[in-house]
1. For residues that are open to solvent by 70 Å² or more (accessible area, probe 1.4 Å) and not charged (D, E, K, R), tally how many sit in the stretch 32-45.
2. Would you mention how many residues in the stretch 141-168 are open to solvent by less than 30 Å² (accessible area, probe 1.4 Å) and outside any loop (DSSP other than H, G, I, E, B)?
3. Please state which of the following conditions residue 70 fails to meet, knowing it meets all the rest: (1) among the hydroxyl-bearing types (Ser, Thr, Tyr); (2) at pLDDT below 80; (3) open to solvent by less than 80 Å² (accessible area, probe 1.4 Å).
4. Which residues, taken from the stretch 22-31, are open to solvent by 50 Å² or more (accessible area, probe 1.4 Å) and over 10 Å from residue 11 (Cα atoms)?
5. I'm trying to understand the selection: among the residues of the stretch 145-157, which are more than 22 Å from residue 122 (Cβ to Cβ) and touching a Cys at 6+ places or on another chain (Cβ under 7 Å)?
Amino acid sequence: MPLGGGNKCGCCQKTVYFAEEVQCEGKYFHKSCFLCMACKKNLDSTTVACHLDEIYCKSCYGKKYGPKGYGFGGGAGTLSMDTGAHLGIRPEEQAAHRPTNNPNASKLATKFGSSDVCPRCAKAVYSAEKVLGGGNSWHKSCFRCSKCGKGLESTTVADKDGEIYCKGGSTRFLNFYCKCIKI
C-alpha cells in the first residue's frame, strides 16, 4: 500500500479508500471509475472483461477483441457489412425484373396435368400459391406490374392484352395506370 492511505485508482490515479474500492485483476478502482472504457456503462464482477490495463463490458470487449469473420457476425452479435471486396470477392447482382408473355405450359405442368399455368413464368400454379387476376392464375411472386414490377393486389390490378399492370388514382378513372404505360 503506497503512502497516503490507499491504493491508486487504475483509471483516475487518485487514492482509493477502502469504502469506495473495487478490485479487478489486481488493480483497484473507485466504484464511480469502474466503467467500460468504450460505452461508459457501470461494471461489476459479472459484466467486466479485462484486456491488459483496460476494462470493458463483455459486449464491447467482444466487438473489439472477439473473433471476426464468417459465422461470427463481426464479434459479439454485430452485423458485418464487409462485402469481401478486399479479397477479390464480387457480390452477386440481382437480376432485373423481366416480364414474359409465354403462353406455353412447362413440362412439369404438362406431365402432372395441371390446368393452371402462370403467364409470367409458364410454370404450374397450385392452389396454395394461386392469385387470380386479369383472367389468369398467377403465382403470388409473379403477380406484379409488367412495367414497374410493383406487387399487385386484386384492388390494384388492371389488365390489357394478357398482361397485368398497377392501377392508380381513383376508381372513377379506370384508364389511369402506372406511370410506365399508356393504355
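1. Selection size over the stretch 32-45: 4.
2. Within the stretch 141-168, residues that are open to solvent by less than 30 Å² (accessible area, probe 1.4 Å) and outside any loop (DSSP other than H, G, I, E, B) number 7.
3. Among (1) among the hydroxyl-bearing types (Ser, Thr, Tyr); (2) at pLDDT below 80; (3) open to solvent by less than 80 Å² (accessible area, probe 1.4 Å), residue 70 violates only (3).
4. Correct list: 23, 25, 26, 31.
5. Of everything in the stretch 145-157, just one residue is more than 22 Å from residue 122 (Cβ to Cβ) and touching a Cys at 6+ places or on another chain (Cβ under 7 Å), namely 156.
The values are calculated or read from the model by the stated rules, or taken from the named source; none is laboratory data. Since the model is a prediction, treat every value here as computed from it, not as a measurement. Virtual Cβ from ideal backbone geometry, glycine too; neighbours counted across all protein chains shown. Remember, those area values only see protein heavy atoms, side chains included, never the ligands or the DNA or RNA. Shrake-Rupley method; radii C 1.70, N 1.55, O 1.52, S 1.80 Å.
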